[in-house]
Each structure stands twice: as structure tokens, then as C-alpha cells.
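Working notes for the structure below.
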Amino acid sequence: MQLVPAHHITSIINQAKFYPSESLESEMMEFKAYANLQSLNNSKELAEEIVAFANLNGGTVIIGVKDNTDVKYGDWPSQLVGFEIGDVSEIKSRITGKIQTPIKIEVENLDFEEKNYLIINVAKSREALVTTTSGKICIRDERSSRPMNSAEIEAKVKSFQRYDWTGESLEISVLDSLDVAALEEALNDHCYRRNLQQKLSPLAFLEAIEATKNGQLTRAGLLFLGKFNIRVTIA
């Protein structure tokens, strides 16, 4: 999964010095504040927020920013309380332990103006409906999360049945993962069949046949042109 750039996260946190935190939240951004690691690790609400992001378009949870209703009106800098530094691997394990469906999340600590913030990036689930271990199925709805209704659940499940698995992008080196001879043969055949006067570059060819998307190798591209012994771990 692609992480939200650190500079973008710090920019959002910085804005919370001047605006109520709720106004900065969105379909893909949520602020949370916890007293300590224990309260975070025990939070069922956090798991539900992450499930909600995964069931829509993915998103980011920033731990260390208070709800604006918990501070004096206009004293927006006091929203930035930060959060203690913890073992991100353990935190990730605790979170995923409350989620029934395998999902992709990344957890990292981020320093901003001498305070630590915990950043949780959540990828969109493209192959399964995500639920908590207690059976809750949530979805993001503008600035908040809520349980999905039966019609939404049915529509979501049907969308997975139409999902093109082969079109998913892989975060691996394009040219290092491909068979050079197979790529050259396919490229020459492509140019010959289309009577192209000027031969395409390998990267342009890969984009043209959708073996890559925006420079990232797709599963179809790997299946079609990948090296015989290439090993790819796909969560």
C-alpha cells in the first residue's frame, strides 16, 4: 500500500492549530486522542473506524489530536496533545486482532513540534467485506463512521464479484520483475501487428497494454511477462 506522505500529515496537524479538528476531518481522515497506549489498545471504537475506512476508500487515522468539543472555543492549539511513543508492530498487531478480515494497515510514529503522533494508514479492501471480530460492519460516511445497512452490504458484496483481480497494482520493481526476452518479443509483436513506424519504449508499451498502471506493475503484467522464478508476497 502507498502511505500518505509525512509532509501531508504534518500539514494537516499544523492546520489543527488554527481550526477546529472536526472541520479538518473527511471521508479519508480521522483524528483521535487516547490517554495512553493501554486505552488505545483496548479501544473497540478504533477498530470500527479502521474497518469503516477499509470498506470505503481507505484513509488515515491520526492519534494525538483532541476533538474540538473537548477544548475551549478558539483555543485550537490545545487540540494538539500528542501521543506516547509505542512499538508500532505491537500496536498494529493489537489493532488487527480486533478485525476479522485480513486488511492492509501501516502504523508509524511521527514527530511534530516536539510531540509524537501515531499515524495509522488504512488501505481500501478490494476483495472482501471487512468486519470487526465482534461482527460489526462499518463504513465511512463523510466525517464519521457508521454501521452499514443491509442494502449497502449487498451492493458491496456484489462489487467484489465484479472486481478485476488482475488489474491490481504491485509495489515491486517493474523491469527487475519481468523476463527480458518475453518483454522484447511481446513488444516487437505489438509494434508489428499495429504497423507502428516507431518502436515504443518498454515502459510505454507496458502502459499501453495495461501491464502497468501509472508506472506500477499489475498482476496481469506479472502473470503475462514475469520471470519464471519471481516471488511476490501479496497481502
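Read-outs: derived from the displayed coordinates by stated rules, not from any lab. These numbers were taken from a predicted model, which means no experiment stands behind them. All Cβ positions, even for glycine, are placed from backbone atoms using ideal geometry, and neighbour counts span all protein chains on display.
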Exercise. Would you please classify the overall shape of region 1-69 from the alpha carbon gyration tensor, given that a ≥ b ≥ c denote the square roots of the eigenvalues, rounded means a/c under 1.5, and beyond that prolate means a/b larger than b/c while oblate covers the rest?
Key: oblate
Quiz item: Which whole-number percent is the relative contact order of region 82-178 (Cα, under 8 Å, 6+ apart)?
Solution: 21
Self-check item: Dipole of the chain, positive direction: furthest Cα of Leu37, Gly135, Tyr19, with charges on the beta-carbon
Solution: Gly135
Quiz item: Counting pairs of alpha carbon atoms under 8 Å apart in space and at least six apart in sequence, what relative contact order in percent does region 102-235 give?
Solution: 20
Self-check item: Listed residue pairs exceeding 21 Å between alpha carbons, taken from Lys17/Lys66; Lys66/Lys156; Lys92/Lys213; Lys92/Lys136
Solution: Lys66/Lys156; Lys92/Lys213
Self-check item: Contact order relative to length of the chain, as percent, for alpha carbon pairs under 8 angstrom and 6 or more apart
Solution: 19
Quiz item: Taking neighbour Cβ counts within 10 Å as the exposure measure, how do Leu178, Leu183 sort from fewest upward?
Solution: Leu183, Leu178
Quiz item: Antiparallel DSSP bridges in the chain: what percent, to the nearest 5?
Solution: 85
Quiz item: When the Cα centres of region 79-133 and region 173-226 are compared, how far apart do they sit, in Å?
Solution: 37
Quiz item: Around Leu80, what is the net charge, scoring Lys/Arg as +1 and Asp/Glu as -1 over all other residues with Cβ under 10 Å from its Cβ?
Solution: +2
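With 10 angstrom as the radius, rank Val4, Val122, Val130 by how many other C-beta atoms surround their C-beta, starting from the fewest.
Going from least to most buried by this count: Val4, Val130, Val122.
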Quiz item: In sequence order, what are the phi-derived ³J(HN,Hα) couplings for region 209-225 according to the Karplus relation 6.51 cos²θ - 1.76 cosθ + 1.60 with θ = phi - 60°, rounded to whole Hz, with x for glycine and proline?
Solution: 9, 6, 7, 9, 10, 6, x, 9, 5, 8, 4, 4, x, 5, 5, 7, 10
Quiz item: Quick one: putting +1 on the C-beta of Lys and Arg, -1 on the C-beta of Asp and Glu, what dipole do you get for the chain around its Cα centre, in Debye to the nearest 20?
Solution: 560
Quiz prompt | Neighbour-count ranking [beta-carbon atoms within 10 angstrom, fewest first] of Arg193, Arg140, Arg126 | solution = Arg193, Arg126, Arg140
Exercise. Assign one of three labels to the chain, namely rounded, prolate or oblate, based on the Cα gyration tensor with a ≥ b ≥ c the square roots of its eigenvalues; rounded applies when a/c is under 1.5, prolate when it is not and a/b is larger than b/c, and oblate otherwise.
Key: prolate
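Once R0 is set to 22 Å, what does the formula 1/(1 + (r/R0)^6) return for the Cβ-Cβ distance between Glu45 and Ser93, expressed as a FRET efficiency to the nearest 0.05?
According to the calculation, E is roughly 0.75.
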